[in-house]
Amino acid sequence: MITIILNDAPYGSERSYNGFRLAFSLAKTGENVQIYLMADAVLCCLPGQNTPAGYYNIERMIKGLLKRGAKIHA
């Protein structure tokens, strides 16, 4: 089991984005992944995120992780 703790908001820096990228890469290899969202990172779970074309979308990343069996806690 791999645990990742995120504290930063979904946009404004790439820290949460990189944490989700790491989690997705691990989940693709079959690792059990759990993510804890704390402080501003809880905003990553807001539905209906509208981002410009070509820009990463944390909501889509979370949905992909959940499909791969990752556990996400806020």
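From the list 49, 34, which residue is in contact with a Lys or Arg (Cβ under 6 Å, 6 or more places away or on another chain) and either assigned to a strand (DSSP E or B) or touching a residue at least 24 places away in the same chain (Cβ under 8 Å) (or both)?
Only one candidate passes the filter, namely 34.
All but one of (1) part of a helix (DSSP H, G or I); (2) in contact with a Cys (Cβ under 8 Å, 6 or more places away or on another chain); (3) not aliphatic (A, V, I, L, M) hold for residue 10; which doesn't?
Among (1) part of a helix (DSSP H, G or I); (2) in contact with a Cys (Cβ under 8 Å, 6 or more places away or on another chain); (3) not aliphatic (A, V, I, L, M), residue 10 violates only (1).
Pull up region 1-17, narrow it to residues that are surrounded by fewer than 16 Cβ atoms within 10 Å (Cβ to Cβ) and either at pLDDT 95 or above or small (Gly, Ala, Ser) (or both), then point me to the one that is nearest to residue 51 (Cα to Cα).
The residue in question is 12.
Quick check, is residue 43 closer than 15 Å to residue 2 by Cβ and outside any loop (DSSP other than H, G, I, E, B)?
So residue 43 does not fit the description; no.
The values are calculated or read from the model by the stated rules, or taken from the named source; none is laboratory data. Just so it is clear, the model here is predicted, and its values are computed rather than measured. With ideal geometry, Cβ positions are generated from the backbone for all residues, glycine too; neighbour counts draw on all protein chains shown.
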